[in-house]
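Beneath this line is the structure, given in structure tokens, with notes to follow.
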Amino acid sequence: VIAYLVRRLLIGVLIVWGVYTLTFFAVNLAPGDPFTAKESAKVSEEDLARLRSLWGYDLPVFERYALHVRKMFWKDPEVLESQGGGLLFEVRARDGRNVVGARVQQPPATLLLKATQRSRLEDGAADVTLARGADGAYAPVPIRRGRYQVGHRFLTIGEAPATIDAEGLTLTAGGGTLSARRTREGAPESVRLVRSGGAELVLPASAPGSYGPVEAPGDAYSFSDAATATPVALAVPDGLLESGGFGFDLGTSIQHKKNVVEHLKQPLLNSLLLATAALLVQFLFGVALGVYSAVRRGHLLDRGLTFGSLFVYSMPGFWLAVMLQLLFAVKLGWLPVSGMHDEGDGSILDLLEHMILPVVVLGLAGAASLARYQRSSMLEVLSQDYVRTARAKGCTERGVIWHHALRNALLPTITLLGLSLPFLVSGAVITEQVFSWPGMGREAISAITNRDVFVVTGITLAATTMVVIGSIVADLLYALVDPRVRIK
Amino acid sequence: MRTPYPALLALAVLASPAPRETHADGKGKPAHAREVRAGDDMPTSAWRKAPPGAKPERGDTAILTLLQDIEGLNPYTSSTADSHYVQEMLWPRLMEEQADYYAGPPSFTPYVAESWSPAADGLSIRFTLRDCTWSDGTPITGDDLRFSWEAARHPGVGWNSASIVDFIRDVEVHGPRDVTVHYTERYPYQLMDVNDVHILPKHVFGKIPFEQWQKHGSWEEQAKVSGSHWLLEKVVPNQEISFTRNPRYWEPGKPYLDRVVWKVQGNMETNLNALLAGDVDFMQSVLPKDADRVLADEDLLLYSYVTRNIGWIGWNTGKPPFDDVRVRRAMTHAIDRENIVESIFYGYAEVAAPVIIRSMWASCPEIEPLEFDPDAAEKLLDEAGWTRSGDGVRAKDGKPLSFILVTNAGNDVRKKISEYVQASLKDVGVAVEIKLLDFNQMTQQLKKHSFDAYVAGMSVATKVDGRPIFHSKAAEGQFNYVDFKNPRVDEIIDQARLMSDKEAAKPLWAEMQRIFHVEQPYTTLYEPRGLVSLHKRFRNVNVTALRPTHNLHEWWVPASEQKYK
């Protein structure tokens, strides 16, 4: 079984990757790009060209793909003042030392900056705890230079900005740069410094008597070309939040200027909620009605159900949705028209009320067709010998139907269930639109029309992954209920 | 305010044309008791004024709607009109633009700027700012304006309208409340250009380097500090954005409403149903076909006003058959535009003037649209050498007179118009094939001039400037899709667009219109009215062609009618 699973999963990964790549190119090769829609009389060609290059659209599509794949798994360290989760660190100098403060959106009472092991040894750094004040901000506390870990991010703290007079120069370090001013006559062409590791840093003259500023990473520097120079150990402070290394990044949405994973989280949950409810309705009703009409074959009720399910099944979903909306929301006023919550009401009951219509629309059509499947497979099973045997054995009719027959009659339904799983994450495009349900389907439409490539690929990734998982799950379930199927 | 979104008039008509008794002329008395109709004095603004002496009362919530989620709260990294309506609630401007652009360059009333005076040489304007603060208590100063101007023009920020500030050379800060804006040249729209700079709080936005703005996300955190009438309360992506009153807003008592919530709607039909069910209070683009449903609801009012939109068919003048002016004129003669206005817009539109919309001061009222006259059309086509052959389709040198008419899919008004044009032209022996393209795809084809004819619309700027659409230079990369090049038109545009004297510019613009009237590179079809529906409990509502929520901070509801506590 394990070998089987591994094989299936490997093939699955290949499929997902292939579809992902195809989608990427399909979106990129479709006419227009995310910026064409922004064209208007007041947007000049230069403005657009600038936007394109900011988002890397001046590169050929293959290069963009390669870049995207690289960024997907490898995160370049970035200097970030604030990032995701609403965490905002503020590093600034106070009385000659660096202090660090922080603000977060949903602030915990304390925030721990853990000094890394190496920094403990090398810099003598120690853990720092920030306590939340009444205003949600954390009071600044003194902090030593070194590397600290906050959650899964790292914060590098340099020494506070400093000014040192030496060799007839005033060296100033701050904000990640170094600059120098002459204080004595006889200015050299440039000022040369050496970093602690031995690398040389040159500050060229920028105006008579002043040098730099040049970018200088947090480190200690000393003069390199004056034999008598005393090491000045000038540290450049740089409060920077890094998160380089392995990561998982599906790109940034151009429309929303947000990380795609972050952006799709909420729509995914919303779709999941709606689709789970709809699938439940679909399978419970579908199976029950199917079994019922098979058992009562030819009865008035069976005929009624057959007619009813054909009627519902042949109705276009969007039309049914609008009709239900008109009847139950506009005319009768029993249910809300759209959205997830009423104004000023965030209760579960309110949410359930909002779910009724979309769930009915999504579940009903599915249940109708499923009932047809279930009915025919049930009829087939009921006419088989072993069912007669079971009856002959003296099993109750109920036991025959629910235990012996249904177990076999469920097989096609299980395949359908497996194949329905992707729908959980892909969302229902039209129903979500009609009921203003903020799910994946609506995201998909808006992303496709705006050529927001990484949102489209992100949604595709979620959907194809579910297709692959769904088909594996269906096969496993199959083996579980059907003793004839063995997984090898 | 300049928001021309070409070809984006998201109108959709689903129902079949039905007769309706209304005001085809778009004027006159309100057709319905529940219609608030813009008057002739200010056709661009439908204003339900409170009775004189009525005292505004505080309280209640307005539930407004959007058809698409906003693109974040930073005006310099977003581009949709909806985003800007919402952002207007947070970021102040120097002045308030009035919707009187139809009468000349728009006028401005004080906002953050208390007063202003242009220098004698016309190259700078000095502003005195009001003594006012951001919602966190920090004063709004000239530094904020300078910072915002820097953001507007910074290449890393990538504002998609950065060219607006091309003529602003410098923003000189003399003191916290004393600023001079320097321009590179004299021109009539100096105030408008500097006013398109939304003022952002430097002490908040300045913390994020300009280079990072494009990828910074929704700016929700920064938008907690407001300088305008409202305070951001909550953002739920794709669902709603809510605001409360900004207690530090400087006009005493305002805004009158406690809260404003924008709900994102799935589509227009949903918006309409939610409006009729009373779940929401607002719909910003009621379709003409739905106007009757709205008017039938006792709780709703329909605000109607003259928009800045125009719809047309563009003929590719760069290649046969439309390189021949006779063929183009014949097309216009063969299309009954009155009928389009009546049957597709139910009378909520007017037959369009040649290229400059009727409501604009520069539009010349003397030019009558070409008449609907199929006989004249047939004669012109005969003259041009396209003669009737056996199967009814005209031909010349063995080539049939047929062409492809493109428009964007998903816009039912345009589809209907295309079908109507197809049927009308068949009558005069022209075969039309309709092609519905994805919007992006269509734009690409139009830009490359690889089309015969297209149906689209344009929302024009509040200033008269033909440069991006009608100038021959605009055929490359801009909006002169029809490839119409006329040296006199170029001359007129270059000269008239920068003229400060309206009266002197008028004859020039009229001359340009006459050229377009004669040459017919466009068959201008319709100028639609804007239809906005709002619950009747809101008083003192001014819906204008600039923004449906033009004076949101002055709306109020009598205590007895307040719906939300």
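The values are calculated or read from the model by the stated rules, or taken from the named source; none is laboratory data. Here the structure is a predicted model, which is why all the values come from computation and not from measurement. Heads up, the Cβs are rebuilt from the backbone with ideal geometry, glycines too, and the neighbour counts pull from every protein chain shown. In case anyone asks, the SASA skips ligands and DNA or RNA and just uses the protein heavy atoms, side chains included. Shrake-Rupley method; radii C 1.70, N 1.55, O 1.52, S 1.80 Å.
For a label point 7 Å from the Cα of B:Ser500 along Cα→C-beta, name the residues of region B:162-203 whose backbone N is under 17 Å from it.
Answer for this model: B:167-169, B:181-194.
Going by amide H atoms built from the backbone, whose H comes under 5 Å of the H on B:Gly347, apart from near neighbours?
For B:Gly347, whose amide H was placed from the backbone, the distant partners under 5 Å are B:Glu342.
Defining a contact as two alpha carbons under 8 Å apart and six or more residues distant in sequence, what relative contact order in percent does region B:333-465 show?
On the way: 157 pairs, mean separation 30.7, N = 133.
23 percent.
Which sequence of B:Trp213, B:Trp116, A:Trp55 reflects their accessible areas, 1.4 Å probe, from the largest down? The partial results should precede the final answer.
On the way: B:Trp213 0, B:Trp116 65, A:Trp55 30 Å².
Largest accessible area first, the residues go B:Trp116, A:Trp55, B:Trp213.
Students sometimes get this wrong: rank B:Met89, B:Met499 by accessible area, probe 1.4 Å, all chains present, largest first. All intermediate terms of the calculation are to be shown ahead of the outcome.
On the way: B:Met89 5, B:Met499 50 Å².
Largest accessible area first, the list is B:Met499, B:Met89.
Compute, for A:Phe311, the solvent-accessible surface of its heavy atoms (probe 1.4 Å) with the complete set of protein chains present, and express it in square angstrom to the nearest 10.
The value for A:Phe311 is about 120 Å².
For an R0 of 30 angstrom, estimate the FRET efficiency from the Cβ-Cβ distance between B:His174 and B:Lys207 and round to the nearest 0.05. Each step should come with its number before you reach the end.
Numbers: r = 26 Å, r/R0 = 0.85.
With a Förster radius of 30 Å, E is 0.75.
Could you rank A:Ser420, B:Ser228 by how accessible they are, 1.4 Å probe, largest area first?
A:Ser420, B:Ser228
In region B:212-332, what percent of the accessible surface is made up of carbon and sulfur (1.4 Å probe, ligands and nucleic acids excluded)? Numbers along the way, then the final one.
On the way: 1570 of 3440 Å².
That share works out to 46 percent.
Restrict the search to region B:293-370; then list the GluC sites (Glu not before Pro) that DSSP places in a loop and that have at most 14 other Cβ atoms within 10 Å of their Cβ. Write down the numbers at each step before the final one.
Values: sites: B:Glu298, B:Glu338, B:Glu342, B:Glu350, B:Glu366; in loops: B:Glu298, B:Glu366.
Counting only loop positions with at most 14 other Cβ atoms within 10 Å, the GluC sites (Glu not before Pro) in region B:293-370 are B:Glu298, B:Glu366.
Quick one: check the C-alpha center-to-center distance for region B:519-557 versus region B:357-432, whole angstrom.
32
Are there chymotrypsin sites (Phe, Trp or Tyr not before Pro) in region B:155-196 that DSSP puts in a loop and that have at most 15 other Cβ atoms within 10 Å, and which ones?
Here no chymotrypsin sites (Phe, Trp or Tyr not before Pro) fit, given the DSSP loop and packing criteria.
With every protein chain kept in place and ligands, DNA and RNA left out, what is the accessible area per residue of region B:180-320? Probe 1.4 Å, answer in Å².
On the way: 4160 Å² over 141 residues.
Accessible area per residue: 29 Å².
With every protein chain left in place and a probe of 1.4 Å, what is the accessible surface of B:Ile404, to the nearest 10 Å²?
50
Nearest 500 deg cm²/dmol is fine: what mean residue ellipticity at 222 nm does chain B get from its DSSP H runs of n ≥ 4 alone, each adding -39,500 (n - 2.57), divided by its residue count?
Theoretical 222 nm ellipticity from helices: -6500 deg cm²/dmol.
With a 1.4 Å probe, what is the total accessible area buried between chains B and A, in Å² rounded to the nearest 100?
On the way: alone 22610 and 27170 Å², together 45060 Å².
Approximately 4700 Å² gets buried when B meets A.
Tell me the label-point distance for the pair B:Asp299, B:Asp375, using the 7 Å Cα-to-Cβ offset, in nm and rounded to one decimal.
So the label points at B:Asp299 and B:Asp375 sit 5.6 nm apart.
Any residues in region B:154-171 that have 30 Å² or more less accessible area with all protein chains than in their chain alone, probe 1.4 Å, and which are they?
Listed by number, the residues meeting the 30 Å² cut-off are B:Pro155, B:Gly158, B:Asn160, B:Ser161, B:Ser163.
Across peptide B:64-71, how many C-beta atoms of other chains are within 10 Å of each residue C-beta, on average? Don't skip to the end; give the middle numbers.
Working: counts 0, 1, 0, 1, 5, 6, 1, 7.
Mean number of neighbouring Cβ atoms from other chains: 3.
Hey, got the average number of other protein chain Cβ atoms within 10 angstrom for residues in A:333-344?
Values: counts 3, 0, 1, 3, 13, 13, 10, 4, 4, 2, 12, 6.
Taking all residues of A:333-344 together, the mean is 6.
At a probe size of 1.4 Å, how large is the accessible area of A:Phe248, to the nearest 10 Å²?
Here the residue's solvent-accessible area equals roughly 120 Å².
How high is the relative contact order of region B:34-140, in percent, counting Cα pairs under 8 Å that sit 6 or more residues apart? Display every interim value, and only then the final one.
On the way: 103 pairs, mean separation 13.7, N = 107.
Reported as a whole number, the value is 13 percent.
Apply the Karplus parameterisation 6.51 cos²θ - 1.76 cosθ + 1.60, with θ equal to phi minus 60°, to every residue of region B:409-419 and state each ³J(HN,Hα) to the nearest whole Hz, in sequence, with x for glycine and proline.
5, x, 10, 6, 4, 5, 5, 4, 4, 4, 5
Could you grab the relative contact order for chain B? Cα pairs under 8 Å, six or more apart, rounded to a whole percent.
Worked out over chain B, it gives 23 percent.
Quick one: what are the phi-derived ³J(HN,Hα) couplings along region A:428-443, Karplus 6.51/-1.76/1.60 with θ = phi - 60°, whole Hz, x for glycine and proline?
9, 4, 6, 4, 4, 5, 5, 9, 6, 8, x, x, 5, x, 5, 4
Return the sequence-ordered ³J(HN,Hα) values of region B:160-166 in whole Hz as given by the Karplus equation 6.51 cos²θ - 1.76 cosθ + 1.60 applied to θ = phi - 60°, using x for Gly and Pro.
7, 10, 4, 5, 4, 8, 4
Any chance you could check the Cα centroid distance between region A:273-321 and region B:433-494 for me, in angstrom?
Cα centres, region A:273-321 to region B:433-494: 53 Å.
List the trypsin sites (Lys or Arg not before Pro) in region B:436-488 that DSSP assigns to loop (not H, G, I, E or B) and whose Cβ has at most 14 other Cβ atoms within 10 Å. Which are they?
On the way: sites: B:Lys447, B:Lys448, B:Lys463, B:Lys473, B:Lys485, B:Arg488; in loops: B:Lys448, B:Lys463, B:Lys485.
Passing sites in region B:436-488 are B:Lys448.
Using a 1.4 Å probe on the heavy atoms of the protein chains only, list every residue of region B:221-248 that has 20 Å² or more less accessible area in the complete assembly than in its chain alone.
At a threshold of 20 Å² (probe 1.4 Å), the residues of region B:221-248 that become less exposed are B:Glu221, B:Pro237, B:Asn238, B:Gln239.
Longer than 19 Å from Cα to Cα, which of B:Lys49/B:Lys536; B:Lys448/B:Lys473; B:Lys224/B:Lys563; B:Lys234/B:Lys263; B:Lys396/B:Lys426 are they? Say none if no pair is. Spell out each step's value before the answer.
Numbers: B:Lys49/B:Lys536 12 Å; B:Lys448/B:Lys473 14 Å; B:Lys224/B:Lys563 27 Å; B:Lys234/B:Lys263 12 Å; B:Lys396/B:Lys426 16 Å.
Too far apart for the 19 Å limit: B:Lys224/B:Lys563.
Tell me which residues come under 5 Å, amide H to amide H, from B:Leu200 once H is placed; ignore anything under 5 positions away on its chain.
For B:Leu200, the qualifying residues are B:Ser148.
If the chain between A:Arg192 and A:Leu59 were fully stretched, how many nm would it gain, using 0.36 nm times the residue separation less the Cα-Cα distance?
Working: separation 133, 0.36 × 133 = 47.88 nm, distance 3.79 nm.
That pair, A:Arg192 and A:Leu59, stretches by 44.1 nm at full extension.
Would you mind checking which residues have amide H under 5 Å from B:Tyr189's amide H? H placed 1.01 Å from N; only 5 or more apart, or other chain.
Excluding prolines and chain starts, which carry no amide H, there are no hits.
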